[in-house]
Amino acid sequence: QVRLAESGGRLVQAGGSLRLACEASGSIFVINVMGWYRQAPGKQRELVATLSSGGTTDYADSVKGRFTISRDNAKNSWYLQMDSLRPEDTAIYYCNAYLVPEGSAWSLGYDVWGQGTQVTVSS
């Protein structure tokens, strides 16, 4: 069983930077996709950034050029560097792992979520 724990969320002024961290623990073999999602009050959870095991990244249009996802395999961790923060980036940020059991089809994979960390950007 894989467990995820986020850290790094806090109050920051617009234009500032934050670095979120997600640490995975438990029975880890391969995390096929590492990701960050966010949910603002009254809105649906949305994808922020993903990083595949092969190194492919994907970003929401709203964060391209400002946010960077990276990983440290030795620490079973991945990160979200957030620069030039805006008030509209205020949300609870969740890390996500998509795992596919060895030998199984991609569609048989499953998601694991962290508990979330609050990011608040003041204007």
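The values are calculated or read from the model by the stated rules, or taken from the named source; none is laboratory data. Just so it is clear, the structure is predicted and the values come from calculations on it, not from any experiment. In this analysis, Cβ positions are derived from the backbone assuming ideal geometry, glycine residues included, and neighbour counts consider all displayed protein chains. The protein model used for the area step is the full one, side chains on, heavy atoms only, and it has no ligands, DNA or RNA in it. Shrake-Rupley method; radii C 1.70, N 1.55, O 1.52, S 1.80 Å.
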Seminar exercise, completed: For the stretch 75-81, Karplus-derived ³J(HN,Hα) couplings (6.51, -1.76, 1.60; θ = phi - 60°; whole Hz; x for glycine and proline) come out as 9, 6, 9, 9, 9, 10, 8
Problem set entry | Rg followed by Dmax, in Å, when the stretch 29-74 is reduced to its Cα trace | 11.8, 37
Seminar exercise, completed: Here the convex hull volume per residue of the stretch 6-60, taken over Cα atoms and given in Å³, is 122
For this session: Express in Å², to the nearest 10, the accessible area of D83 obtained by rolling a 1.4 Å probe over the protein heavy atoms while all chains stay in place.
Result: 50
Problem set entry | Accessible heavy-atom area order of R38, R19, highest first, probe of 1.4 Å | R19, R38
Exercise. For K43, K64, what's the largest-to-smallest order of accessible area, 1.4 Å probe?
Worked result: K43, K64
For this session: Output ³J(HN,Hα) for the stretch 39-50: one whole-Hz value per residue in order, computed from phi by the Karplus curve 6.51 cos²θ - 1.76 cosθ + 1.60 with θ = phi - 60°, and x for Gly and Pro.
Result: 9, 8, x, x, 10, 7, 5, 10, 6, 9, 7, 9
Exercise. Sequence-distant or interchain residues sharing an amide H contact under 5 Å with G116, placed H: which?
Worked result: E6, C95
For this session: Would you pull out the residues with amide H under 5 Å of L85's amide H, same chain only if 5 or more places away, H placed 1.01 Å from N?
Result: G15, G16
Seminar exercise, completed: Measure of exposure for E46: accessible area at 1.4 Å probe, Å² rounded to 10, is 80
Exercise. Short version: ³J(HN,Hα) in whole Hz for each residue of the stretch 33-38, in order, from phi by Karplus 6.51 cos²θ - 1.76 cosθ + 1.60 (θ = phi - 60°), x for Gly and Pro, what are they?
Worked result: 9, 9, x, 10, 10, 9
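Please tell me the relative contact order of the chain in percent, rounded to the nearest whole number, where contacts are Cα pairs under 8 Å and at least six residues apart. Intermediate values should be presented prior to the final figure.
Details: 295 pairs, mean separation 43.0, N = 123.
Relative contact order for the chain comes out at 35 percent.
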For this session: With N set to the residue count of the chain, report its C-alpha Rg divided by 2.2 N^0.38 Å to two decimal places.
Result: 1.04
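Note down the net charge around Y79, summing +1 for each Lys or Arg and -1 for each Asp or Glu among other residues with Cβ under 9 Å from its Cβ.
Working: positive: R19, R71; negative: D72.
Here the count lands on +1.
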Exercise. Can you tell which of T90, S52, S62 lies farthest toward the positive end of the dipole of the chain, using +1 and -1 charges on the Cβ of basic and acidic side chains (Lys, Arg; Asp, Glu)?
Worked result: T90
